[in-house]
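The values are calculated or read from the model by the stated rules, or taken from the named source; none is laboratory data. Just so you know, these numbers come straight off a predicted model, no measurement behind them. Positions of Cβ are generated from backbone atoms using ideal geometry, with glycine treated the same way; all protein chains shown enter the neighbour counts. All accessible areas refer to the heavy atoms of the entire protein, side chains included, with ligands and DNA or RNA removed. Shrake-Rupley method; radii C 1.70, N 1.55, O 1.52, S 1.80 Å.
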Amino acid sequence: MTRNQMRITLLSGFALVVAVIASRPVAAQDAKQPSPNMAPIEQYLMDRDAEIALARSAGPDSISSDAEILVLGRHGFEAAVKGKNGFVCIVERSWTSAADADFWNPKVRTPICWNAAAARSVLLRNIKRTDLILAGRTKDQVDEAIFAAVDKNELPAVEPGAMCYMMSKQGYGGDTVEHWPSHLMFYFSQTDPAIWGANLPGSPIIAVSDTREHVTTFVIAVQRWSDGTVAR
């Protein structure tokens, strides 16, 4: 399964298992006309303070208040706040968090907070992907560059213990799915989802494997947003 197929699987899985995505089924006919090309860079940028606040909303304040914060600049992600606890929070854009139909959608804003293990491994892939996108590469070119970098060990393997928080009630997932449910993600070097009982009837765990990037992601929905309110 490729990275883009993985996005679709996650979106579909959340729609079926959690059923809280604005009561909208994930279907091609429901998506708006996809953006065919990258928009001007200005449309992807945010006010710096607003981006910092949105990035922090990915996890509970006890975690995100001491996290490092990266914000998107014209040439990639850059440090905005120095952290103290090893976590790194950012606001992902469409090319790392949205389904294909929203790949270039400049409205996409998905807060995510990575722990130290994920920041040293998984996050580096998204930072490189962003750098390539902003350098003018096409989606296919970016995918092939990431696959090659992983195969050559130019990007590190997933570090044991890697995980992230995506518990923000803010942000925008795209026209396909406007908002992700509150959830946690756990990353492993490619492994069998069955070891967690994932994707089985009645299981609360969704798992997908990206065979080109050699990573398996386990996803668990949680019942509260990062501000403590109930996520219905």
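Given the conditions (1) closer than 25 Å to Trp104 by Cβ; (2) of a type outside the set (Gly, Ala, Ser); (3) modelled with pLDDT under 95, and given that Arg232 satisfies all but one, which numbered condition is not satisfied? Single failed check for Arg232: (1). Only residues that are more than 16 Å from Ser57 (Cβ to Cβ), touching an Asp or Glu at 6+ places or on another chain (Cβ under 7 Å) and crowded, with 24+ Cβ neighbours inside 10 Å: list them for the range 73-104, please. Result: Ser94, Asp102.
Within the range 198-209, the only residue that satisfies the criterion of being free of Cβ contacts under 8 Å to residues at least 12 places away in the same chain, of a type in the set (Gly, Ala, Ser) and either open to solvent by 80 Å² or more (accessible area, probe 1.4 Å) or within 20 Å of Ala162 (Cβ to Cβ) (or both) is Gly202.
Whether any residue in the range 132-151 is touching a Phe, Trp or Tyr at 6+ places or on another chain (Cβ under 7 Å) and closer than 22 Å to Ala79 by Cα is what I want to check. Yes, the range 132-151 contains a residue that is touching a Phe, Trp or Tyr at 6+ places or on another chain (Cβ under 7 Å) and closer than 22 Å to Ala79 by Cα. Is it fair to say Thr217 is at pLDDT 95 or above and crowded, with 16+ Cβ neighbours inside 10 Å? When the stated conditions are applied, Thr217 passes them. Restricting the range 181-197 to residues that are of a type outside the set (D, E, K, R) and either in contact (Cβ under 8 Å) with a residue 40 or more places away in the chain or in a loop (DSSP other than H, G, I, E, B) (or both), which is farthest from Asn126 (Cα to Cα)? It comes out as Gly197. For Thr110, the conditions (1) closer than 18 Å to Gly171 by Cα; (2) outside any strand (DSSP E or B); (3) among the polar types (S, T, N, Q) are fulfilled apart from (2).
Could you go through the range 120-135 and let me know if any residue there is touching a helix residue (DSSP H, G or I) at 6+ places or on another chain (Cβ under 9 Å) and assigned to a strand (DSSP E or B). The answer is no, given that none of the residues of the range 120-135 is touching a helix residue (DSSP H, G or I) at 6+ places or on another chain (Cβ under 9 Å) and assigned to a strand (DSSP E or B). Count of the range 210-232 residues, restricted to those that are without any contact (Cβ under 8 Å) to a residue 40 or more places away in the chain and of a type in the set (Phe, Trp, Tyr), is 1. Entry remark, the range 55-75: residues being among the hydrophobic types (A, V, I, L, M, F, W, C) and part of a loop (DSSP other than H, G, I, E, B) number 2 in total. Evaluation of Lys82 against the conditions (1) at pLDDT below 95; (2) farther than 22 Å from Phe186 by Cα; (3) touching a strand residue (DSSP E or B) at 6+ places or on another chain (Cβ under 7 Å) shows that the sole unmet condition is (1). When the range 44-72 is filtered for residues that are open to solvent by 70 Å² or more (accessible area, probe 1.4 Å), in contact (Cβ under 8 Å) with a residue 12 or more places away in the chain and under 23 Å from Leu132 (Cα atoms), only Arg48 remains.
Scanning the range 174-197 for residues that are open to solvent by 50 Å² or more (accessible area, probe 1.4 Å) and either out of contact with any Lys or Arg (no Cβ under 9 Å at 6 or more places or on another chain) or of a type in the set (Gly, Ala, Ser) (or both) yields Phe186, Phe188, Ser189, Gln190, Asp192, Ala194, Ile195, Trp196.
Consider the range 29-43 and keep the residues that are at pLDDT 70 or above and more than 12 Å from Val108 (Cβ to Cβ). The one that is least open to solvent (accessible area, probe 1.4 Å) is Ile41.
Here is a list of conditions, (1) more than 19 Å from Glu178 (Cβ to Cβ); (2) modelled with pLDDT of 95 or more, and Leu54 meets all of them except one; can you say which number that is? Failed condition: (1).
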